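Below is one structure; the comments refer to it alone.
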Amino acid sequence: MAYRELCVIEVKEVLRIWSAGRSYRAVARQSGVDRKTVRRYVETARALGFARGGDSRALDDALVAAVVSGVRPGGRREAQAMRLHCRTHRALIEGWLGEGCKGPKVVKLLGRHTGVVVPLRTLQRFITEEFEETERRGETVRIVDPPPGQVLEVDFLELGVFEERGSGRRRK
């Protein structure tokens, strides 16, 4: 999934227009930002205490920085209702996993026991983060670059078979 870069000026402009009393759609039209993005910025700012029609001095760099960090993808977020539900019933989940049950079966059992159906992907993330002691895959091993001219790296790439001009020989 690709993410576009957040522009601080864009966030500040969206909040300024919204605080002047405009709707999400009007702000989106005027600023050129998607309506759902406008809603995310505004709801994050409101959670931080920003209100409509307030003093324009309230829209300072500290607030904008807090909004940016709040809407940035992949950032830390507080646990939502389903994650809290999983934490509440951690012992049950751990017991079912100990019996050899897999994610889909645990979802069914948890739903029967508590009456709340947790999405499978949420449960899988919970299990991975709370129970599994596996090494993280895909971590980068940093290596100090040698001085220029000391190491030569060659990549042999095979693109397929082609016919050489003139001789007609087939080559890789």
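Structure summary
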{"item": "Net charge, residue 25 excluded, C-beta distance under 14 Å - Lys, Arg +1, Asp, Glu -1", "result": "+4"}
{"item": "Pairwise centroid distance, computed over Cα atoms, of segment 22-44 with segment 149-172, Å", "result": "53 Å"}
{"item": "Accessible surface, 1.4 Å probe, highest first, among residues 131, 156, 126", "result": "156, 131, 126"}
{"item": "For residue 109, net neighbour charge (Lys/Arg +1, Asp/Glu -1) across residues whose Cβ lies under 15 Å away", "result": "+3"}
{"item": "In sequence order, calculated HN-Hα J values of segment 152-161 (Karplus, 6.51, -1.76, 1.60; Hz; x Gly/Pro)", "result": "10, 10, 10, 10, 8, 10, 9, 9, x, 9"}
{"item": "In nm, spacing of pseudo-spin labels at residue 48 and residue 167 (7 Å Cα→C-beta vector)", "result": "6.7 nm"}
{"item": "From phi via Karplus (6.51, -1.76, 1.60), per-residue ³J(HN,Hα) for segment 98-104 in Hz, x at Gly/Pro", "result": "x, 7, x, 6, 9, x, x"}
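The values are calculated or read from the model by the stated rules, or taken from the named source; none is laboratory data. For clarity, every value in this text was computed on a predicted model and none was experimentally measured. Here Cβ is always computed from backbone atoms with ideal geometry, including for glycine, and neighbour counts include all displayed protein chains. Ligands, DNA and RNA are stripped out before the accessible areas are found, and what is left, the full protein with its side chains, is counted by its heavy atoms. Shrake-Rupley method; radii C 1.70, N 1.55, O 1.52, S 1.80 Å.
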